[in-house]
2 protein chains.
Amino acid sequence: MTDPTPVRLLLADDHPVVRAGLRAVLETEPGLVVVAEAATAEDAVARAAEGDIDVVLMDLQFGKGMGGAEATARITARAGSPRVLVVTTYDSDADTLPAIEAGATGYLLKDAPPEDLAAAVRTAAAGRTALAPRVAERLMNRLRMPGTALTRRETEVLALVADGLSNQAIGRRLHLTEGTVKSHLARVYTKLGVDSRTAAVATATDLGLIRR
Amino acid sequence: MTDPTPVRLLLADDHPVVRAGLRAVLETEPGLVVVAEAATAEDAVARAAEGDIDVVLMDLQFGKGMGGAEATARITARAGSPRVLVVTTYDSDADTLPAIEAGATGYLLKDAPPEDLAAAVRTAAAGRTALAPRVAERLMNRLRMPGTALTRRETEVLALVADGLSNQAIGRRLHLTEGTVKSHLARVYTKLGVDSRTAAVATATDLGLIRR
DNA sequence: CGCGCCCTCTAACTTTCGATGGAGGCACCC
DNA sequence: GGGTGCCTCCATCGAAAGTTAGAGGGCGCG
């Protein structure tokens, strides 16, 4: 009656408590086995390369070093790589879009009930996409309102504005001229319907386009 | 050799995964027993009132309803109440100060290693204060820099800046001249050590001087 | 191979901000 | 009464930010 080939999992999260929680929740499920944990994104990439993992549960925020999105990209870049299921606290566009672009098979929120989590892991193991309802809704809104969608570069510039940088400083950081930064921001303003950097940060934060 | 009166714990966190993780980490410790869990702040307040709890592990962010700080205040307001140990992800002043004001016995971060967590629970059970190193450092910095405190008017103006209003608009809103608004902001900038409105909003948000 | 979208850059122009250095009124406290 | 801190207002000047109206290259898609 037991499944002869259980789904083998790697937990990548810098919080020991969260790793213990995921382990506790998932190991009670039949057919799921946690075979390894990683406390940094670098470790996760290295461990995933060993070939004995079916699904990686990946956090996006790590205290130091590489982020979860980049780790996801590196893992999925290899042939025969495991599926990566992002499990994080936030559902802003600033987090979801890079993760999905990086090749994540699913995107879950940490407040999900254990059943949903286990179901998503099985879905991911089967190669199908698993999205949390809130994330799915956000993506739908994106598709419905294409005029409002900020491009990657625009989001990047706006995030630096939110950090308090001047146009000149942003230009230096991104290797752009100050004029180009202004161009990006001008487009951001029209898309968001505002007319200043502070107003742009305010509404973008409300809309979840950037995090703060 | 076993302690006849173990420390009885209540876990209050809206994430099932985190509750499972805390339970897994703490129940392996001798002398600690998790007797209840709460998924909302309201439940935590009600459950803590039953009198059979020594220490509450309280998250600050709950998806809906009451926040962890208010719940902490309500729990500690009663006589003979349990100790409240805040366990959260963030260490900004906006979170720590209200929690401490509300009567929390300690403040931990979720990335703490399990040993530290268990040690902090025992410290709290004994009635002593348990602070994560990063939080302690932050509090020390506060005490060292008393000049950073913003006046009511300055905070009011800065909050409107964070909402994206121009100096003129703020003046209209508060019945001030634009020049007065500039005066307030100039003082805010020197106090925060910045030189632009966006930078002021960024650092004030980090410091928890304004809400967003 | 166009077409559209994104990214980059330019340049001149207007408006808003921020810096500086004041000044007077008011409340509170020693 | 004389501090001290907060709030209000003033004027000027240089520095950012925002506006407008372009243009060209790259990339994917039908």
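Within the stretch B:182-193, work out how many residues are among the hydrophobic types (A, V, I, L, M, F, W, C) and within 8 Å of DNA strand C (Cβ to nearest atom). Even if it seems obvious, please write down each step before you answer.
Step one: of the stretch B:182-193, the residues among the hydrophobic types (A, V, I, L, M, F, W, C) are B:185-186, B:188, B:192.
Now narrow it down to the ones that are within 8 Å of DNA strand C (Cβ to nearest atom): B:185-186.
Going through the stretch B:182-193 one residue at a time, the tally reaches 2.
Quick one: B:ALA169 ticks every box in (1) in a loop (DSSP other than H, G, I, E, B); (2) within 9 Å of DNA strand C (Cβ to nearest atom); (3) farther than 21 Å from A:ASP163 by Cβ; (4) not acidic (Asp, Glu) except a single one, so which number is it?
(1)
Which pairs turn up if I take residues in the stretch A:169-187 that are in contact (Cβ under 8 Å) with a residue 12 or more places away in the chain and look for partners that are of a type in the set (Gly, Ala, Ser) and near DNA strand C (Cβ under 8 Å from one of its atoms) with beta carbon separation below 7 Å, at least 6 apart in sequence or on another chain?
Every condition considered, the pairs that remain are A:VAL181/A:GLY171.
For the list (1) touching a Ser or Thr at 6+ places or on another chain (Cβ under 8 Å); (2) surrounded by 17 or more Cβ atoms within 10 Å (Cβ to Cβ), I need the number of the one condition that A:GLY193 fails.
(2)
In the stretch B:100-118, how many are more than 14 Å from chain A (Cβ to nearest Cβ), surrounded by fewer than 19 Cβ atoms within 10 Å (Cβ to Cβ) and either modelled with pLDDT of 90 or more or outside any loop (DSSP other than H, G, I, E, B) (or both)?
Within the stretch B:100-118, the first condition is being more than 14 Å from chain A (Cβ to nearest Cβ), and the residues that meet it are B:100-107.
Of the ones still in play, those that are also surrounded by fewer than 19 Cβ atoms within 10 Å (Cβ to Cβ) are B:101, B:103.
After this cut, where a residue has to be either modelled with pLDDT of 90 or more or outside any loop (DSSP other than H, G, I, E, B) (or both) as well, the list is B:101.
Residues meeting the conditions: 1.
Checking A:LEU57 against (1) in contact with a strand residue (DSSP E or B) (Cβ under 6 Å, 6 or more places away or on another chain); (2) surrounded by fewer than 24 Cβ atoms within 10 Å (Cβ to Cβ); (3) within 14 Å of another protein chain (Cβ to nearest Cβ), which test does it fail?
(2)
Which members of the stretch A:70-118 meet the condition of being out of contact with any Leu (no Cβ under 8 Å at 6 or more places or on another chain) and among the polar types (S, T, N, Q)?
Passing the criteria: A:THR72, A:THR76, A:SER81.
Could you grab the pairs with beta carbons closer than 6 Å, sequence gap of 6+ or different chains, first residue in the stretch A:125-138 and modelled with pLDDT of 90 or more, second one not aliphatic (A, V, I, L, M)?
Pairs that qualify, where the first residue is modelled with pLDDT of 90 or more and the partner is not aliphatic (A, V, I, L, M), are A:ALA125/A:ASP54.
Those residues that are surrounded by 15 or more Cβ atoms within 10 Å (Cβ to Cβ) and within 19 Å of B:ASP14 (Cβ to Cβ), I need them from the stretch A:119-133; list them, please.
The answer is A:ALA120, A:ALA132.
Of all the residues that make up the stretch B:70-98, how many are in a helix (DSSP H, G or I) and either surrounded by fewer than 24 Cβ atoms within 10 Å (Cβ to Cβ) or over 9 Å from the mean Cα position of the chain (by Cα) (or both)?
So the first thing to find is which residues in the stretch B:70-98 are in a helix (DSSP H, G or I), and the list is B:70-77, B:93-98.
If we keep only those that are either surrounded by fewer than 24 Cβ atoms within 10 Å (Cβ to Cβ) or over 9 Å from the mean Cα position of the chain (by Cα) (or both) too, we end up with B:70-77, B:93-95, B:97-98.
Adding up the residues that qualify gives 13.
Going through the stretch B:190-203 one residue at a time, which ones are within 14 Å of chain A (Cβ to nearest Cβ), in contact with a helix residue (DSSP H, G or I) (Cβ under 6 Å, 6 or more places away or on another chain) and part of a helix (DSSP H, G or I)?
Across the stretch B:190-203, the qualifying residues are B:LEU192, B:ARG197, B:THR198, B:ALA200, B:VAL201, B:THR203.
Among the residues that make up the stretch A:18-34, is at least one of them assigned to a strand (DSSP E or B) and within 21 Å of the chain's Cα centre (by Cα)?
Here is the first cut: in the stretch A:18-34, the ones assigned to a strand (DSSP E or B) are A:32-34.
Checking the rest, the ones that are also within 21 Å of the chain's Cα centre (by Cα) come to none.
No, the stretch A:18-34 contains no residue that is assigned to a strand (DSSP E or B) and within 21 Å of the chain's Cα centre (by Cα).
I'd like the full set of residues that are touching a Leu at 6+ places or on another chain (Cβ under 7 Å) and surrounded by 15 or more Cβ atoms within 10 Å (Cβ to Cβ), limited to the stretch B:168-188. Outline the logic, then answer.
From the stretch B:168-188, those touching a Leu at 6+ places or on another chain (Cβ under 7 Å) are B:170, B:173, B:188; that's our starting set.
The answer is B:ILE170, B:VAL188.
The values are calculated or read from the model by the stated rules, or taken from the named source; none is laboratory data. Values in this document were obtained by computation on a predicted structure and should not be read as measured data. All Cβ positions, even for glycine, are placed from backbone atoms using ideal geometry, and neighbour counts span all protein chains on display.
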